[in-house]
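> The structure that follows is given in the form of structure tokens.
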Amino acid sequence: GENVEQHPSTLSVQEGDSAVIKCTYSDSASNYFPWYKQELGKGPQLIIDIRSNVGEKKDQRIAVTLNKTAKHFSLHITETQPEDSAVYFCAASISGGNQFYFGTGTSLTVIP
Amino acid sequence: DSGVTQTPKHLITATGQRVTLRCSPRSGDLSVYWYQQSLDQGLQFLIQYYNGEERAKGNILERFSAQQFPDLHSELNLSSLELGDSALYFCASSVGGGGALGEQFFGPGTRLTVL
């Protein structure tokens, strides 16, 4: 099955700096890569996703890049704010498949 | 608010007991997914139902079972509970069969504590 690795497990940045979280996947058939943000006491919430026919996607301060050859994808958050502090999960899924394979999460702390 | 509801929010029980967790998907969503989140394991997919039928099975123990009812709500039954079953259990829903076909919306979770 698919194996998704996520790094780093914890990340602290100063407010206004950028944060980058990286994930690798093992199954070349995976073609859908969502990123979820989980705040304390809440369920994961989709913040951005990318499909394998696209190399980069941006939504305001958040961007995701995908390198299919290297089988890795990254989440970039620019101009970080304290409310960005949360646990972020990457995931991979295969078209036609039903299972999301999640990374182990990155706890991001934005220091005011 | 994702539109997915889960009850109860917290559940405390003893080893050997049986509990039922309930999930109502977003209006119009046909798929329900169950996940277990523990500190050392991250988010683990357990099982998926689509329009009442089991569609995919992940790392679900034989002591656990689930079903999806005609009104599309789902229940996850956990029996012969062990200390290691203590975790957050999330339900998610999607319009279609899942995967690259559509995003999953997560509920707020049920925190299960087994003493």
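> Restricting attention to segment A:27-45, which residues are facing chain B (nearest Cβ under 7 Å) and in contact (Cβ under 8 Å) with a residue 40 or more places away in the chain?
Once the filter is applied, which keeps residues that are facing chain B (nearest Cβ under 7 Å) and in contact (Cβ under 8 Å) with a residue 40 or more places away in the chain, segment A:27-45 yields A:Asn31, A:Tyr32, A:Pro34, A:Pro44.
> Here's a follow-up. Which one of the conditions (1) touching a strand residue (DSSP E or B) at 6+ places or on another chain (Cβ under 6 Å); (2) on the phi > 0 side of the Ramachandran plot does B:Thr13 fail to meet, given that it meets all the rest?
(2)
> I want to confirm something. Restricting to segment A:54-87 and keeping residues that are over 16 Å from A:Tyr25 (Cα atoms) and within 14 Å of another protein chain (Cβ to nearest Cβ), which single residue is modelled with the lowest pLDDT?
Filtering segment A:54-87 for residues that are over 16 Å from A:Tyr25 (Cα atoms) and within 14 Å of another protein chain (Cβ to nearest Cβ), the one modelled with the lowest pLDDT comes out as A:Val54.
> Do we find that A:Val13 is surrounded by 16 or more Cβ atoms within 10 Å (Cβ to Cβ), over 16 Å from the mean Cα position of the chain (by Cα) and more than 23 Å from B:Asn59 (Cα to Cα) in this structure?
Yes.
> Is one or more of the residues making up segment B:54-74 among the charged types (D, E, K, R), free of Cβ contacts under 8 Å to residues at least 60 places away in the same chain and in contact with a Lys or Arg (Cβ under 6 Å, 6 or more places away or on another chain)?
no
> Something else: Please go through segment B:5-35 and give me each residue that is within 11 Å of chain A (Cβ to nearest Cβ) and within 17 Å of B:Arg63 (Cα to Cα), ordered by number.
Scanning segment B:5-35 gives a single hit, B:Tyr35.
> Which of the numbered conditions does B:Gly42 fail, given that it passes all the others? Conditions: (1) touching a Gly at 6+ places or on another chain (Cβ under 7 Å); (2) touching a residue at least 12 places away in the same chain (Cβ under 8 Å).
So the condition that B:Gly42 fails would be (2).
> Somewhere in segment B:55-78, is a residue over 10 Å from the mean Cα position of the chain (by Cα), of a type in the set (S, T, N, Q) and under 27 Å from A:Glu5 (Cα atoms)?
Checked segment B:55-78: at least one residue is over 10 Å from the mean Cα position of the chain (by Cα), of a type in the set (S, T, N, Q) and under 27 Å from A:Glu5 (Cα atoms).
> Among residues belonging to segment B:33-54 that are touching a Phe, Trp or Tyr at 6+ places or on another chain (Cβ under 7 Å) and over 15 Å from A:Pro44 (Cα atoms), point out the one that is surrounded by the most Cβ atoms within 10 Å (Cβ to Cβ).
B:Gln48
> Moving on to the next point. Count, please, the residues in segment B:55-85 that happen to be crowded, with 18+ Cβ neighbours inside 10 Å and closer than 18 Å to B:Gln36 by Cα.
Going through segment B:55-85 one residue at a time, the tally reaches 11.
> In addition: Check segment A:65-76 and report whether any residue there is exposed (fewer than 13 other Cβ atoms within 10 Å of the Cβ) and of a type in the set (A, V, I, L, M).
Yes; the residues of segment A:65-76 include at least one that is exposed (fewer than 13 other Cβ atoms within 10 Å of the Cβ) and of a type in the set (A, V, I, L, M).
> What are the residues in segment A:1-53 that are closer than 18 Å to A:Ala86 by Cα and touching a His at 6+ places or on another chain (Cβ under 8 Å), if any?
A:Ser18, A:Ala19, A:Val20, A:Ile21, A:Lys22, A:Cys23
The values are calculated or read from the model by the stated rules, or taken from the named source; none is laboratory data. Just so we're clear, the structure is a prediction, and the values are computed from it rather than from any experiment. All Cβ positions, even for glycine, are placed from backbone atoms using ideal geometry, and neighbour counts span all protein chains on display.
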